[in-house]
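This report concerns only the one structure given below.
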Amino acid sequence: MNQYQTLTQSELITRCLKNDRKAQRALYESLGPSMKTVCLRYLIDKEMVEDALNKGFLKVFTKLALYQGS
(Lines give C-alpha, C1' and ligand atoms only; values in the text may rest on other atoms or scores of the structure.)
Protein backbone atom coordinates (compact mmCIF):
# COMPACT_ATOMS: atom_id res chain seq x y z
CA MET A 1 0.00 0.00 0.00
CA ASN A 2 1.41 3.39 -0.94
CA GLN A 3 1.01 6.60 1.03
CA TYR A 4 -1.63 7.94 -1.35
CA GLN A 5 -4.03 5.08 -0.63
CA THR A 6 -4.21 6.12 3.03
CA LEU A 7 -4.98 9.80 2.38
CA THR A 8 -8.47 11.18 2.79
CA GLN A 9 -10.27 12.59 -0.20
CA SER A 10 -9.70 16.09 1.17
CA GLU A 11 -5.96 15.47 1.46
CA LEU A 12 -5.85 14.09 -2.07
CA ILE A 13 -7.63 17.18 -3.38
CA THR A 14 -5.19 19.45 -1.58
CA ARG A 15 -2.28 17.62 -3.19
CA CYS A 16 -3.99 17.62 -6.59
CA LEU A 17 -4.27 21.40 -6.37
CA LYS A 18 -0.47 21.45 -6.03
CA ASN A 19 -0.22 19.43 -9.28
CA ASP A 20 0.88 16.26 -7.50
CA ARG A 21 0.50 13.68 -10.30
CA LYS A 22 0.48 10.72 -7.92
CA ALA A 23 -2.37 12.29 -5.96
CA GLN A 24 -4.26 12.84 -9.21
CA ARG A 25 -3.78 9.18 -10.08
CA ALA A 26 -4.97 8.12 -6.61
CA LEU A 27 -8.07 10.34 -6.91
CA TYR A 28 -8.77 8.91 -10.36
CA GLU A 29 -8.43 5.36 -9.04
CA SER A 30 -10.72 6.03 -6.07
CA LEU A 31 -13.47 7.85 -7.98
CA GLY A 32 -13.08 6.25 -11.40
CA PRO A 33 -15.19 3.12 -10.81
CA SER A 34 -18.16 5.15 -9.53
CA MET A 35 -17.93 7.63 -12.37
CA LYS A 36 -17.62 4.81 -14.88
CA THR A 37 -20.82 3.24 -13.50
CA VAL A 38 -22.66 6.51 -14.09
CA CYS A 39 -21.31 6.72 -17.64
CA LEU A 40 -22.41 3.14 -18.31
CA ARG A 41 -25.98 4.05 -17.37
CA TYR A 42 -26.16 6.61 -20.16
CA LEU A 43 -23.84 5.24 -22.81
CA ILE A 44 -23.72 1.81 -24.40
CA ASP A 45 -20.58 1.96 -26.50
CA LYS A 46 -17.43 1.16 -24.50
CA GLU A 47 -15.35 3.79 -26.33
CA MET A 48 -17.94 6.46 -25.56
CA VAL A 49 -17.91 5.46 -21.89
CA GLU A 50 -14.12 5.78 -21.71
CA ASP A 51 -14.24 9.10 -23.58
CA ALA A 52 -16.90 10.49 -21.23
CA LEU A 53 -14.95 9.28 -18.20
CA ASN A 54 -11.75 10.92 -19.39
CA LYS A 55 -13.50 14.17 -20.29
CA GLY A 56 -15.19 14.13 -16.88
CA PHE A 57 -11.90 13.77 -15.06
CA LEU A 58 -10.31 16.44 -17.21
CA LYS A 59 -13.08 18.78 -16.08
CA VAL A 60 -12.64 17.69 -12.46
CA PHE A 61 -8.92 18.44 -12.52
CA THR A 62 -9.26 21.77 -14.35
CA LYS A 63 -12.06 23.00 -12.06
CA LEU A 64 -10.75 21.54 -8.81
CA ALA A 65 -9.79 24.95 -7.43
CA LEU A 66 -13.49 25.85 -7.41
CA TYR A 67 -14.39 22.89 -5.17
CA GLN A 68 -15.55 24.02 -1.74
CA GLY A 69 -15.86 20.68 -0.03
CA SER A 70 -19.57 20.12 -0.36
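Since LYS55 meets every condition but one in (1) modelled with pLDDT of 95 or more; (2) within 13 Å of the chain's Cα centre (by Cα); (3) open to solvent by less than 90 Å² (accessible area, probe 1.4 Å), which condition does it not meet?
That leaves (3) as the condition not met.
If I ask for residues that are open to solvent by 70 Å² or more (accessible area, probe 1.4 Å) and either closer than 17 Å to ASN2 by Cβ or touching a Lys or Arg at 6+ places or on another chain (Cβ under 8 Å) (or both), which ones from region 15-52 would you list?
ARG15, ARG21, LYS22, ARG25, GLU29
Could you pull out the residue among GLN24, GLN5, GLN9 that is more than 23 Å from LYS55 (Cβ to Cβ) and without any contact (Cβ under 8 Å) to a residue 60 or more places away in the chain?
That would be GLN5, the only listed residue that is more than 23 Å from LYS55 (Cβ to Cβ) and without any contact (Cβ under 8 Å) to a residue 60 or more places away in the chain.
The values are calculated or read from the model by the stated rules, or taken from the named source; none is laboratory data. Computed from a predicted structure; not experimentally measured. No Cβ is skipped: glycine too gets one built from the backbone with ideal geometry, and neighbour counts run over all protein chains shown. The area values use the complete protein model at the heavy-atom level, side chains included, leaving out ligands, DNA and RNA. Shrake-Rupley method; radii C 1.70, N 1.55, O 1.52, S 1.80 Å.
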